[in-house]
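First up is the structure itself, then whatever we jot down about it.
The values are calculated or read from the model by the stated rules, or taken from the named source; none is laboratory data. What you see is a predicted model, and the numbers here were worked out from it, not measured in a lab. All Cβ positions, even for glycine, are placed from backbone atoms using ideal geometry, and neighbour counts span all protein chains on display.
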Amino acid sequence: MKIALIGYGRMGKEVERSALLRGHTITSKEEADVWIDFSHPKDMLERVNEALAHHKPFVIGTTGWDPEEAKKRTLAQEGSLFFAPNFSLGVHLFLKIVQEAYKRLAPLGLYDVAGHEIHHNQKLDSPSGTAKLLSTIIGKEFSSTRVGYVPGTHTITFDSPCDTITLKHEARSREGFALGAVIAAEWLQGKKGFFTMEDLMEDYA
């Protein structure tokens, strides 16, 4: 598979490494079978329109923008777009664990719940896209810290007068995000529509 990288910062380098290890090649947007974007949220809709105009499947990991309009345009034009605020397969298992814990604990009325996330100081959006997903599960806003070089840590705390339950996902590096994006690009081949990690994980359930 031929992949074009949109934006070539730290994540671009990791995506290239993961793609090459899986036997793919990196090429221009014109020659590519799929585009992968980990760039900047500015002008994202214009890049979506470009991908649609050239009939290129588009995998987007850039956060800090609203994908709803991109979803509408992709479906209307029968394009192929895959968006995820976090491509880590472990994070999506973590989301399921948090969802199950909240479903069981919330009805008891004993536990207060809070969420906190930490990322490197170059991350543009705060809270993170993953924190926003988690906040929809627990019904609470997340607190955020931007410091140093932390790839990404998300912590959910359930606290009662009797005990504390802490659920935590801590990324060791950007490798997991990059690998997930390449797997998403592979999975997207031959598909039409707007997809998320939920769709991909359903196929691997």
Worksheet item: Does residue 184 satisfy the condition of being within 21 Å of residue 64 (Cα to Cα), crowded, with 17+ Cβ neighbours inside 10 Å and not aromatic (Phe, Trp, Tyr)?
Response: yes
Worksheet entry | Boolean, residue 95 is of a type outside the set (Asp, Glu), over 27 Å from residue 121 (Cβ atoms) and in contact (Cβ under 8 Å) with a residue 40 or more places away in the chain | no
Worksheet item: Among the residues of the stretch 30-67, which ones are free of Cβ contacts under 8 Å to residues at least 60 places away in the same chain, of a type in the set (Asp, Glu) and surrounded by fewer than 19 Cβ atoms within 10 Å (Cβ to Cβ)?
Response: 30, 31, 43, 46, 50, 66
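Condition first: over 26 Å from residue 2 (Cβ atoms) and outside the structural domain of residue 115 (by TED's automatic domain parsing). Can you find one or more residues in the stretch 76-87 that meet it?
Checking the stretch 76-87: at least one residue is over 26 Å from residue 2 (Cβ atoms) and outside the structural domain of residue 115 (by TED's automatic domain parsing).
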Item to complete: Among the candidates 93, 108, single out the residue that is modelled with pLDDT under 95 and either more than 16 Å from residue 165 (Cβ to Cβ) or of a type outside the set (Gly, Ala, Ser) (or both).
Response: 93
Worksheet item: Got a number for residues in the stretch 113-154 being within 17 Å of residue 166 (Cα to Cα) and loosely packed, with under 12 Cβ neighbours inside 10 Å?
Response: 1
Worksheet item: Out of (1) within 14 Å of the chain's Cα centre (by Cα); (2) not assigned by TED's automatic domain parsing to the domain that holds residue 57, the odd one out for residue 147 is which?
Response: (1)
Item to complete: Could you tell me whether the stretch 159-166 includes any residue that is in contact with a Phe, Trp or Tyr (Cβ under 7 Å, 6 or more places away or on another chain), buried (at least 21 other Cβ atoms within 10 Å of the Cβ), in contact (Cβ under 8 Å) with a residue 24 or more places away in the chain and not β-branched (Val, Ile, Thr)?
Response: no
